[in-house]
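Written below as C-alpha cells is the structure these notes are about.
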C-alpha cells in the first residue's frame with residue numbers, strides 16, 4: 001500500500017500521453033488562441049496609438065579617406081576612423097545636440113507647438129544606428145504624427161552635422177537622404193501582434209489541459225489501475241444503467257435477479 005500511495009504522488013510525463021491530451025483538446029486550444037488573437041487585435045487596432053517613423057542618413061568622411069587617396073593610410077588611422085564614427089553616433093544622442101535640435105525646431109516649426117517638443121521628448125523618439133560596413137549614420141524619429149517625425153528628422157539633418165564637427169573638430173558630415181513624410185504607420189504591427197496573441201492563447205490552453213490531466217488523481221481505466229498498483233487486473237465490472245427504458249433480454253434477467261435479491 002505504501003508503494004501504491006507513493007506512486008500516486010509521482011507525476012510521470014509521457015510525450016505520447018501529452019500528444020494524445022493535446023489532440024483530444026485541439027478544438028478548445030484553437031478556440032483559446034482565436035479568442036486571445038481577437039482580443040489582442042482589437043486592443044492593437046483601437047487602443048494603441050499608431051506611430052510613424054522618418055529617417056535621415058548622413059555620410060561621415062574622415063581624414064583617413066584623404067590619406068587613402070595618397071596611399072599613406074595606416075592601421076592606426078583606420079582604427080581611429082572607426083572610433084570617430086562611433087563617437088559621432090553617441091554625440092548625436094547627447095543633450096548638447098538635442099538641445100540645439102529642440103531650440104531650432106521650436107523656432108522653425110511653431111505649427112507643432114502642441115506636441116511640446118523638448119530634449120526629453122526627442123531623446124525618447126530617436127534611434128541612431130550605423131549600418132554594418134558603412135560610414136553612414138542613420139537617425140530615425142518615431143512619433144504619433146508623420147509630419148512631426150519628418151520635421152524633427154530634417155532638423156537633425158540641418159543642425160546635427162555642424163554641431164558634431166564643432167564638438168569633435170574632425171572629419172566632415174554630408175547629408176545623403178533627407179526625411180520624407182511616412183505614408184504608413186511603423187507601429188504597432190497588427191499582423192505580428194495577432195499571431196503572437198494566437199500562439200500565446202493556444203500555448204496557455206495547452207498547458208492548462210496538460211496540467212489538469214496530470215494533476216487529476218482519479219483512476220478511470222484498468223490500465224491506470226495496473227500502472228498505479230503495479231498489479232495485474234484480473235477482471236472488470238461493467239456499468240449497467242438500471243433506469244434505462246431500452247434494455248436487452250440479458251439485461252432484464254440481470255435486473256430481475258438484482259431485484260429478487
Residues satisfying the stated conditions in segment 159-180, i.e. surrounded by 16 or more Cβ atoms within 10 Å (Cβ to Cβ) and in contact with a strand residue (DSSP E or B) (Cβ under 9 Å, 6 or more places away or on another chain)
160, 161, 164, 171, 173, 179
Only one residue in 152, 122 is surrounded by 15 or more Cβ atoms within 10 Å (Cβ to Cβ), closer than 20 Å to residue 100 by Cα, in contact (Cβ under 8 Å) with a residue 60 or more places away in the chain and touching a helix residue (DSSP H, G or I) at 6+ places or on another chain (Cβ under 8 Å), so which one is that?
152
Residue under question is residue 183, and the condition is that it be at pLDDT 90 or above, loosely packed, with under 12 Cβ neighbours inside 10 Å and not in a loop (DSSP other than H, G, I, E, B); does it hold?
no
Scan of segment 125-149 for residues that are surrounded by fewer than 16 Cβ atoms within 10 Å (Cβ to Cβ) and either more than 18 Å from residue 180 (Cβ to Cβ) or free of Cβ contacts under 8 Å to residues at least 24 places away in the same chain (or both), ordered by number:
127, 129, 131, 132, 133, 134
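Here is a yes/no grid of residues against (1) closer than 30 Å to residue 172 by Cβ; (2) in contact with a helix residue (DSSP H, G or I) (Cβ under 8 Å, 6 or more places away or on another chain):
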| site | (1), (2) |
| --- | --- |
| 23 | no, no |
| 30 | no, yes |
| 35 | no, yes |
| 40 | no, yes |
| 44 | no, yes |
| 47 | no, no |
| 53 | yes, yes |
Test result for residue 200, assigned by TED's automatic domain parsing to the domain that holds residue 24, modelled with pLDDT of 60 or more, within 18 Å of residue 19 (Cβ to Cβ) and not in a loop (DSSP other than H, G, I, E, B)
no
With the requirement that a residue be in a loop (DSSP other than H, G, I, E, B) and closer than 11 Å to residue 151 by Cβ, what does segment 103-119 give you?
109, 117
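The values are calculated or read from the model by the stated rules, or taken from the named source; none is laboratory data. All values derive from a computational prediction rather than experimental measurement. No Cβ is skipped: glycine too gets one built from the backbone with ideal geometry, and neighbour counts run over all protein chains shown.
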